[in-house]
1. Does any residue of segment 77-93 turn out to be surrounded by fewer than 22 Cβ atoms within 10 Å (Cβ to Cβ), of a type in the set (Gly, Ala, Ser) and at pLDDT 95 or above?
2. Of the numbered conditions (1) among the β-branched types (Val, Ile, Thr); (2) assigned to a loop (DSSP other than H, G, I, E, B); (3) surrounded by fewer than 18 Cβ atoms within 10 Å (Cβ to Cβ), Val147 fails exactly one; give the number of that condition.
3. Within segment 225-234, can you find the residues that are surrounded by 17 or more Cβ atoms within 10 Å (Cβ to Cβ) and over 14 Å from Ser190 (Cβ atoms)?
4. Restricting to segment 121-144, count the residues that are hydroxyl-bearing (Ser, Thr, Tyr), outside any loop (DSSP other than H, G, I, E, B) and surrounded by fewer than 19 Cβ atoms within 10 Å (Cβ to Cβ).
5. Restricting the search to segment 21-72, which residues are open to solvent by 50 Å² or more (accessible area, probe 1.4 Å) and not in a helix (DSSP H, G or I)?
6. Tell me, please, whether a residue that is open to solvent by less than 10 Å² (accessible area, probe 1.4 Å), under 26 Å from Ile81 (Cβ atoms) and part of a strand (DSSP E or B) can be found in segment 165-184.
Amino acid sequence: MRCDKFSGVGVALVTPFKADGTIDYDALAKHIEFLINGGVNFIAMTGTTGEPPTLTKDEKNSLVQFIVNQVKARIPLMIGIGGNNTKNVVDEIKSTNFNGIDGILSISPYYNKPNQKGIYTHFKEIANSTDMPIILYNVPGRTGMNVSWQTICQLAEECKNVVAVKEASGNFSQIMQILKHKPEDFSLISGDDSLTVPMMSIGATGVISVAANVVPKQFTEMIKLCKLGNYSQASKIHFQLLDLMNALFEEGSPAGAKAALNILGIMDENLRLPLVPVSKELKQKIENLLKNL
């Protein structure tokens, strides 16, 4: 099995909260329409940007069902299911209703720092537990361990439902090795907003983006130009967005994105602890950058 649904601009969707901490479904509906009208190609829900560690099981199920119903199959949906207890991840996959969902984004195990054999076996167990397309997520800055290019390519060769990797190592040597050795129909997706254009210039098929929450039209136009091979024009948009992309991560994500979405009038900037809103100074900086765009 290979899957071509996840190319172009994917959005790492934020989860809006009300002042009392409950999920703000009205804001979420407004935000989803903002993204679809902005031309994004797919949505990745309940990933890191959606603050899933702070959601209860019932909240996550309700959130996912709401998103499926709001999107109405207009664009593909990817659900984040991952963790550092392989059995729990497999059990969650087996209990998940995948109606309206097109793939699973699964982060590599974090905190307990398994070696490459452990990472490989973890993902092998996940792949064997489902027929759903699986997108590996390599983000060593968050997990504490890199998934090597050899492990990624071995999984891609041996597990036909492992269809792509969201690569956020920032290591271009590794990225090039994946692109050189991967199966032809296996996709490499950028997991770093600010590296997307150079990654696409050597073979990445798109991005799962935080910044696209805020500037979906500009991000979509940039990626369209990349797919057309017009890197000169794509680079112009890239440099226009670069300071904003960096500012959104300056005091942690998704705090920066929620501050920007608050400025745009889409949602409040409430987060669940341990995350907190950005400083007044950074919010003003983000507002100035948005005005300049």
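1. Looking for residues that are surrounded by fewer than 22 Cβ atoms within 10 Å (Cβ to Cβ), of a type in the set (Gly, Ala, Ser) and at pLDDT 95 or above, one finds at least one in segment 77-93, hence yes.
2. Every listed condition holds for Val147 apart from (3).
3. Within segment 225-234, Leu225 is the sole residue that qualifies.
4. Number satisfying all stated conditions: 1.
5. Residues satisfying the conditions are Thr22, Asn41, Thr56, Lys72.
6. The answer is yes, given that some residue of segment 165-184 is open to solvent by less than 10 Å² (accessible area, probe 1.4 Å), under 26 Å from Ile81 (Cβ atoms) and part of a strand (DSSP E or B).
Quick grid of which residues meet (1) in contact with a Lys or Arg (Cβ under 6 Å, 6 or more places away or on another chain); (2) aliphatic (A, V, I, L, M); (3) under 19 Å from Lys217 (Cα atoms):
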{"site": "Leu28", "(1), (2), (3)": "no, yes, yes"}
{"site": "Gly38", "(1), (2), (3)": "yes, no, yes"}
{"site": "Phe42", "(1), (2), (3)": "no, no, yes"}
{"site": "Asn69", "(1), (2), (3)": "no, no, no"}
{"site": "Ala73", "(1), (2), (3)": "no, yes, no"}
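The values are calculated or read from the model by the stated rules, or taken from the named source; none is laboratory data. As the structure is a prediction and not an experimental result, all values here were calculated from the model. For neighbour counting, all protein chains shown are included, and Cβ atoms are generated from backbone atoms with ideal geometry for every residue, glycine included. Side chains included, ligands, DNA and RNA excluded: accessible areas come from the protein's heavy atoms. Shrake-Rupley method; radii C 1.70, N 1.55, O 1.52, S 1.80 Å.
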